[in-house]
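Worksheet for the structure shown next.
The values are calculated or read from the model by the stated rules, or taken from the named source; none is laboratory data. Keep in mind that what you see is a predicted model, and the values were worked out from it rather than measured. Backbone-built Cβ (ideal geometry, glycine too); neighbour counts: all protein chains shown. Note: accessible area is taken over every heavy atom of the protein model, side chains too, but ligands, DNA and RNA are not part of it. Shrake-Rupley method; radii C 1.70, N 1.55, O 1.52, S 1.80 Å.
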Number of protein chains: 2
Amino acid sequence: MKKGSKISNAVIKRLPRYRRYLNELKRKGVDKISSRELSDLIGYTASQIRQDLNNFGGFGQQGYGYNVEALYNEISSILGLDKEYKMVIVGAGNLGQAIANHTSYYKAGFVVCSLFEVNPKLVGIKINDIDVRDCEELVPYIEDNSIDIGIICTTKDAAQEVADKMSFAGVKGIWNFAAVDLEVPETVAVENVHLSDGLHSLAYHINRNHYFE
Amino acid sequence: MKKGSKISNAVIKRLPRYRRYLNELKRKGVDKISSRELSDLIGYTASQIRQDLNNFGGFGQQGYGYNVEALYNEISSILGLDKEYKMVIVGAGNLGQAIANHTSYYKAGFVVCSLFEVNPKLVGIKINDIDVRDCEELVPYIEDNSIDIGIICTTKDAAQEVADKMSFAGVKGIWNFAAVDLEVPETVAVENVHLSDGLHSLAYHINRNHYFE
DNA sequence: TAGATTGTTAATCGATTAACAATC
DNA sequence: TAGATTGTTAATCGATTAACAATC
């Protein structure tokens, strides 16, 4: 990355999307692409694509363009996808189970190590080959297993307490599916999913009949 | 809403959040709030809050502030949450089931009418009291039941075809959980969830140790 | 070399913040 | 009326787009 300059979040949010399209190109056997061609594909301006990439280094070659595979690898590495992340999920209800399943199938590098539940009926069972443990064990489990990411799939009322425990136990990031905004120490990154918010803004657009991203 | 002026998407995306906080205040019995107090709570500047709200009308009262319940109702109505939406989910796997469950519990106004699947083992069963039908029936079902919203919980490879069918059959909006960007007619609104993208940008922030929203 | 396309600086556009007059 | 707080205009800030010199 370029010296000390901090990258805007708008840029970071676009990186996974670049990566998805590059992956697709790779699959199709394309090995070179220009910012212009990428623009036609993704829908960002060629100018923006070059600006975005140049925040991290000059990955292209004048007169040629970008090497698809090399660029894919660069972006993966910028995002930290060359590392492995150990995760736990709190809340083994429908959503927690779905995330457990979804994540382990699709995302090499993100490993769900355990689920946690307050409901005693679920504690002790296995879901998708992953143990469901009692929430009481959450903190020591995170500590003992060097868990990187905590995933919150609880009700909104329980979410902040879970986030506190996770932060205390030393997770580096929280992926939050509960409908609240969490307060966490600065050292912990948070990604909120807020499904209802998305559905609500969809409702707005439906009534206005506008296409949007 | 103010005459013809079109509201930026950034504003729309903040509305569900305002609404969440107002709901919380309502629950606590607070009946009046100033933009300043709301700012302390939500984290947007008081100035931004007033700007946002004034896109839709003057809901406040000088020297007093905003009436919590009235403002909550206004925002709900702007978002179109005073209407009812009939929805179908395509893909009755883990994620589809979780969304079916999650949505019917938490969101009055959003009704999941049916699930659809290609896997014959699932067709015919009920999930959470909702019938699982064969994907072949998708188009006529949407037409016959005036479905408003289609929810896509399929693999990325199937998603575009499903979106085409949904659009053809006349849905007004698509809530897309598949990891692709859909092409739909202008008359159809799309809200993408792209779970992996979120996880990937979380990975970035974990490695930079930055708090972000 | 000529053509193409990047990397980067400069211009524009839009969104956020500040300021303040209007008014409850 | 005096105090508070909105609604709204003006100033600032940041992000996107355009332009072009560098260079493969």
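General observations
- Within the range B:51-63, tally of residues that are open to solvent by less than 60 Å² (accessible area, probe 1.4 Å) and either of a type outside the set (A, V, I, L, M) or assigned by TED's automatic domain parsing to the domain that holds B:N145 (or both): 6
- Residues (at the interface with chain B (Cβ under 7 Å from one of its Cβ atoms) and in contact with a strand residue (DSSP E or B) (Cβ under 6 Å, 6 or more places away or on another chain)) located in the range A:166-183: A:G173, A:W175
- Condition check for A:G65 on (1) more than 15 Å from DNA strand D (Cβ to nearest atom); (2) in contact (Cβ under 8 Å) with a residue 24 or more places away in the chain; (3) of a type outside the set (A, V, I, L, M): one failure, at (1).
- Residues in the range A:158-213 that are of a type in the set (F, W, Y) and not in a loop (DSSP other than H, G, I, E, B): 3 in all.
- Check on A:G60, more than 12 Å from chain B (Cβ to nearest Cβ) and without any contact (Cβ under 8 Å) to a residue 40 or more places away in the chain: yes
- Per the conditions (1) acidic (D, E); (2) more than 11 Å from chain B (Cβ to nearest Cβ); (3) under 19 Å from the mean Cα position of the chain (by Cα), the sole criterion not satisfied by A:E117 is (3).
- When the range B:30-44 is filtered for residues that are closer than 19 Å to A:E183 by Cβ and open to solvent by less than 80 Å² (accessible area, probe 1.4 Å), the ones remaining, listed by number, are B:L38, B:S39, B:I42, B:G43, B:Y44.
- Residue check for A:G198: within 12 Å of chain B (Cβ to nearest Cβ) and under 30 Å from B:D148 (Cα atoms): yes
- Residue selected from the range A:26-60 under the condition among the basic types (K, R) and within 11 Å of DNA strand D (Cβ to nearest atom), by the criterion nearest to A:A10 (Cα to Cα): A:R50
- Residue within the range B:99-111 that is open to solvent by less than 60 Å² (accessible area, probe 1.4 Å), outside the structural domain of B:C153 (by TED's automatic domain parsing) and away from DNA strand C (no atom under 16 Å from the Cβ) present: no
- When the range A:42-94 is filtered for residues that are more than 6 Å from DNA strand C (Cβ to nearest atom), hydroxyl-bearing (S, T, Y) and part of a helix (DSSP H, G or I), the ones remaining, listed by number, are A:Y72, A:S76, A:S77.
- Of all residues in the range B:15-35, those satisfying the criterion of being touching a residue at least 12 places away in the same chain (Cβ under 8 Å), under 22 Å from A:H205 (Cα atoms) and either at the interface with another protein chain (Cβ under 9 Å from one of its Cβ atoms) or not in a helix (DSSP H, G or I) (or both) are B:L15, B:P16, B:R17, B:R19, B:Y21.
- In the set (1) in contact with a Pro (Cβ under 9 Å, 6 or more places away or on another chain); (2) closer than 10 Å to A:V90 by Cα, the condition left unmet by A:S167 is number (2).
- Scanning the range A:184-195 for residues that are open to solvent by 40 Å² or more (accessible area, probe 1.4 Å) and more than 7 Å from chain B (Cβ to nearest Cβ) gives a single hit, A:P185.
- Evaluation of B:I206 against the conditions (1) at the interface with chain A (Cβ under 7 Å from one of its Cβ atoms); (2) within 16 Å of B:A92 (Cα to Cα); (3) out of contact with any helix residue (DSSP H, G or I) (no Cβ under 7 Å at 6 or more places or on another chain) shows that the sole unmet condition is (2).
- Some residue of the range A:7-29 being open to solvent by less than 30 Å² (accessible area, probe 1.4 Å) and modelled with pLDDT under 95: yes
- Members of the range A:64-84 that are open to solvent by 10 Å² or more (accessible area, probe 1.4 Å) and within 11 Å of chain B (Cβ to nearest Cβ): A:S76, A:S77, A:I78, A:L81, A:D82, A:K83, A:E84
- Selected residue (criterion: nearest to A:A179 (Cα to Cα)) from residues of the range A:136-165 that are away from chain B (no Cβ under 14 Å) and open to solvent by less than 20 Å² (accessible area, probe 1.4 Å): A:V162
- A:N94 being open to solvent by 40 Å² or more (accessible area, probe 1.4 Å), over 13 Å from the mean Cα position of the chain (by Cα) and among the polar types (S, T, N, Q): yes
- Qualifying residue in the range A:122-134 (condition: within 30 Å of B:G43 (Cβ to Cβ), touching a residue at least 24 places away in the same chain (Cβ under 8 Å) and crowded, with 17+ Cβ neighbours inside 10 Å): no
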